[in-house]
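What follows is a single structure, written as structure tokens, with notes after it.
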Amino acid sequence: MAESISTVFVIDDDYEIRESLRLLLDSAGYRVKTFGSAEEFLESDQRTSESACIVLDVELAGLNGLELQRELTTKNHPMKVVFITGHGDIPMSVRAMKHGAVDFLCKPFDDDALLDAIEEALMKNSMAREHCREKNIIQRRLDLLTARESEILRYVIAGMLNKQIADALNISERTVKAHRKQVLKKMEVDSIAELVRLTEKVGIKPVNVLP
């Protein structure tokens, strides 16, 4: 486990199962928050500075587990889901895994299997959080660029030379060189390779270079 305390959100409409899971996860060193329904979870404060995941029962009254998973996916919710169920079947598990579930465990399940699934979910959550943090940093740098610098950036990552960019935009090579320098400075990179790597992470495409 990571040094910081990770949070596990348990959503199950069976009180005894919720309490059993709370005791198990608490003894394993997790911070545990339990909910009796998907609606109760959605109305709660889910913010946490630590890595977190969801242990989710499929057969919930009201909004069921698969419906909650779809809603969270639509909202780009970062937490990964471990499903638990007493009435699972293969098509149901396939749908859950297709939408990003880490595991699909049928009750009664082995405690170690659940803990392993939770560790995997937390690891994936940490990776997703880091990816999101990195994208935000890159976007803040991009926001510093002027309209012309943003335009030239797309030519630069296409591998075009200053003279080629100048000809394409009908501006002087000296102007391109000055803008190119500002792009690298504001993006905090020392090479075009680094610039390409950053822009790929936020989906910026190079200009189409005609043969």
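Being at negative phi, loosely packed, with under 13 Cβ neighbours inside 10 Å and within 20 Å of the chain's Cα centre (by Cα) is true for just one of ARG174, ARG140, ARG129. Which residue is that? Even if it seems obvious, please write down each step before you answer.
Numbers: ARG174 fails: within 20 Å of the chain's Cα centre (by Cα); ARG129 fails: loosely packed, with under 13 Cβ neighbours inside 10 Å.
None of the other options fit; the residue is ARG140.
Kindly evaluate LEU60 against the criterion of being touching a residue at least 12 places away in the same chain (Cβ under 8 Å), within 30 Å of ALA178 (Cα to Cα) and touching a helix residue (DSSP H, G or I) at 6+ places or on another chain (Cβ under 6 Å). Answer is no for this residue. Of the candidates GLU50, GLU39, GLU59, the single residue that is part of a loop (DSSP other than H, G, I, E, B) and closer than 22 Å to HIS99 by Cα is GLU59.
Consider the stretch 71-115 and keep the residues that are polar (S, T, N, Q) and at pLDDT 80 or above. The one that is nearest to the chain's Cα centre (by Cα) is THR73. No other residue among ASP13, ASP45 is of a type in the set (Asp, Glu), assigned to a loop (DSSP other than H, G, I, E, B), closer than 18 Å to PHE83 by Cα and assigned by TED's automatic domain parsing to the domain that holds SER93 apart from ASP13.
Here GLU16 meets the list (1) surrounded by 14 or more Cβ atoms within 10 Å (Cβ to Cβ); (2) farther than 21 Å from LYS124 by Cβ almost entirely, failing just condition (1).
Scanning the stretch 14-58 for residues that are touching a Ser or Thr at 6+ places or on another chain (Cβ under 6 Å) and closer than 24 Å to LYS107 by Cα returns ARG18, ARG22, TYR30, ARG31, ALA52, VAL58.
The values are calculated or read from the model by the stated rules, or taken from the named source; none is laboratory data. All of these numbers come straight from a predicted model, not from anything done at the bench. Cβ sites come from the backbone with ideal geometry, for glycine too, and all protein chains shown count toward neighbours.
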